[in-house]
Amino acid sequence: MIKRPGFPARLDLGPAQARPVRAKPVGTALSPGGIGLDSQAVRARMVQKLAAQGITDAQVLAAMGAIERHRFVDSALVNQAYEDTSLPIGLGQTISKPNVVARMIELLLGAKKEPSGKLGRVLEIGTGCGYQAAVLSVVATEVYSIERLRGLHEKARENLRAFRLANVHLLFGDGMVGYAKGAPYAGIIAAAGGEAIPQAWVDQLAVGGRIVAPTVMANGKQALVVLEKTPRELKQTVLEAVHFVPLKSGIA
Ligand code: SAH
């Protein structure tokens, strides 16, 4: 059940109330409580901004328009839910900026897709509040998402319950070892940055699949790394600098 009865009254719709947004519909809101229209316009503006920032994949834009990000943050932060900013989700962790979530999923979608046009099975390392897992559930057939902090694993379970996303599987454990039972994956996406991409992820990746992971470079700074598995090789591409929480081993 939704635990925030005060929410609709608290969401500041800002200028959208005075100035109707003339954006094209960005997809149907996946709304657990039937009150999704309250935030549709704000989300449409977020999607317009993402497009202006260079996100072009229609599946990604539709998924970002469909998932209600405000349901994944504390009620005190609801007004910032659609701003391009990372937000605290407890236990020292953060939900990534919408732009970073969209960018990484767009990169992931460069992998080999199913005949349906969707990505096949995806593994997410770092469930956090569950937001990215929900976005992934729109573009992939199955989502396995692992979190090493029990408190956040449970929070994500609670956040996602009302969405009833049958293709999202939340796991509590150390994502450094991947999740062999769901392998091979068409895509593996990490929401935390490690020193290197763990071999287990490479082993659990399907041929034609992609890993998108923030990784610490020789200069000590994180960059977004894309690893593609072809029948012959592993192709690594280092992209822009990013700032993710550290990938840690073990559970807590
Ligand atoms: N995708 C998340 C972002 C969460 S932040 C969201 O949408 O909210 C990254 C998360 O990675 C943190 O919750 C952190 O606890 C988790 N994490 C770090 N190392 C991990 C590991 N080895 N296995 C699983 N989760 C890990």
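The packing ranking of peptides 208-215, 168-175, highest mean first, is 208-215, 168-175, where packing means the average number of other beta carbon atoms within 10 angstrom of each residue.
Among rounded, prolate and oblate, which fits segment 51-159 when a ≥ b ≥ c are the square roots of the eigenvalues of its C-alpha gyration tensor, a/c under 1.5 means rounded, and a/b larger than b/c means prolate? Verdict is oblate for segment 51-159. Past 27 Å, Cα to Cα, is the threshold; run Lys181/Lys235; Lys118/Lys235; Lys118/Lys229; Lys113/Lys221; Lys97/Lys221 against it and keep the listed order. Table pairs above 27 Å Cα-Cα are Lys113/Lys221. Segment Val207..Glu233, full-extension length gain: 8.4 nm, with 0.36 nm per residue of separation and the alpha-carbon distance subtracted.
Return the FRET efficiency for the residue pair Ala196, Glu154: r is the Cβ-Cβ distance, R0 is 25 Å, and the value is rounded to the nearest 0.05.
On the way: r = 30 Å, r/R0 = 1.18.
Rounded to the nearest 0.05, the efficiency is 0.25.
Which residue, Pro115, Pro198, Pro98, tops the fluctuation ranking in a GNM of the chain built on C-alpha contacts under 10 Å? The residue that fluctuates most here is Pro115. Could you state the number of Å between the C-alpha centres of segment 51-120 and segment 199-252? First find each Cα centre; the distance between them is then 19 Å. If you model the chain as an ellipsoid using its alpha carbon gyration tensor, with each semi-axis the square root of five times an eigenvalue, the axes come out at 29, 20, 17 Å, biggest first.
Only bridges whose two residues both fall in the chain count here: according to DSSP, what percent of them are antiparallel, nearest 5?
40
Over the chain, with a Gaussian network built from C-alpha contacts below 10 Å, which listed residue (Gly128, Gly187, Gly117) shows the highest mean-square fluctuation? Taking springs between Cα atoms under 10 Å, the residue moving most is Gly117.
Readers should treat all values here as calculations from the given coordinates under stated rules, not as data from a laboratory. What you are looking at is a predicted structure, and each value in this text was computed from that prediction instead of being measured. Counting neighbours? That spans all protein chains shown, and the Cβs are built from the backbone with ideal geometry, glycine included.
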